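This report concerns only the one structure given below.
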Amino acid sequence: MTTRRKDLPSTEELRIWRDFIETTEALRAELSARLQREASLSPGDYAVLLALREADGRRLRSSELADRVGWERSRLSHQIGRMERRGLIRREECRADSRGAEVVLTPAGAEAFRNATVPHLRAVHELFVSALTPEQLTAAQQLASALRTRLAPGN
């Protein structure tokens with residue numbers, strides 16, 4: 001008879017893990033496809049536009065923008081280049097420090113974000129919110145909080 005190691009997931013725990021990951025990926029894929037189809041934006045575009053829309057003066061230093069969207073700087077740099085070519089954002093000299101640059105939301109970027117927001121939020125409601133009971137939504141929030149806490153630096 002073999003004994004299960006306590007530091008490895010059981011068969012049932014692995015099944016739950018895979019179901020969680022596969023469902024999360026399917027949800028992200030559907031939301032991404034709808035965002036692209038309905039607003040011609042990628043999830044990366046939307047994340048950057050959202051961060052800039054919420055920022056004071058609709059501008060952020062690249063390092064702060066990377067922190068807000070949770071990306072490595074190299075990934076952000078490529079994303080900024082693509083969005084800049086489409087006129088959604090622009091880079092400007094930093095107002096407070098001439099050595100740095102800030103990423104600024106353009107009028108075209110603000111319009112693209114406005115046009116994407118309602119369809120995107122409808123899709124979130126349809127695919128996530130309305131699929132769950134109020135109790136399940138609370139449990140989902142608790143699950144996300146527990147995982148975020150475990151992933152926080154120092155844990």
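Values in this text are rule-based calculations from the coordinates and carry no lab data. Model, not experiment: these values are computed from the prediction. Virtual Cβ from ideal backbone geometry, glycine too; neighbours counted across all protein chains shown.
Observations
- Cα-Cα pairs of the chain separated by more than 21 Å (percent): 59 percent
- Among 45-56, 127-138, the order from most to least packed when residues are scored by Cβ within 10 Å on average: 45-56, 127-138
- Angle of helix 73-85 to the longest C-alpha principal axis of the chain, folded into 0 to 90 degrees and rounded to 10: 50°.
- In a simple Cβ point-charge model (Lys, Arg +1; Asp, Glu -1; nothing else charged), the chain has a dipole of about 340 debye relative to its Cα centre.
- Ranking ASN155, LEU88, ALA110 by how far each Cα lies toward the positive end of the dipole of segment 15-155 (charges on Cβ) leaves LEU88 at the top.
- Counting only alpha carbon atoms, the long axis of helix 134-151 and the longest principal axis of the chain meet at about 80°.
- Solvent-free Debye scattering, log10 I(q)/I(0), computed from the Cα coordinates of segment 104-151 at q = 0.13, 0.25, 0.33 Å⁻¹: -0.51, -0.84, -1.07
- Packing rank of 119-126, 13-20, 105-112, where each peptide gets the mean count of other beta carbons within 10 Å, highest leading: 105-112, 119-126, 13-20
- Helical mean residue ellipticity (222 nm; -39500 (n - 2.57) per DSSP H run of 4+; nearest 500) of the chain: -22000 deg cm²/dmol
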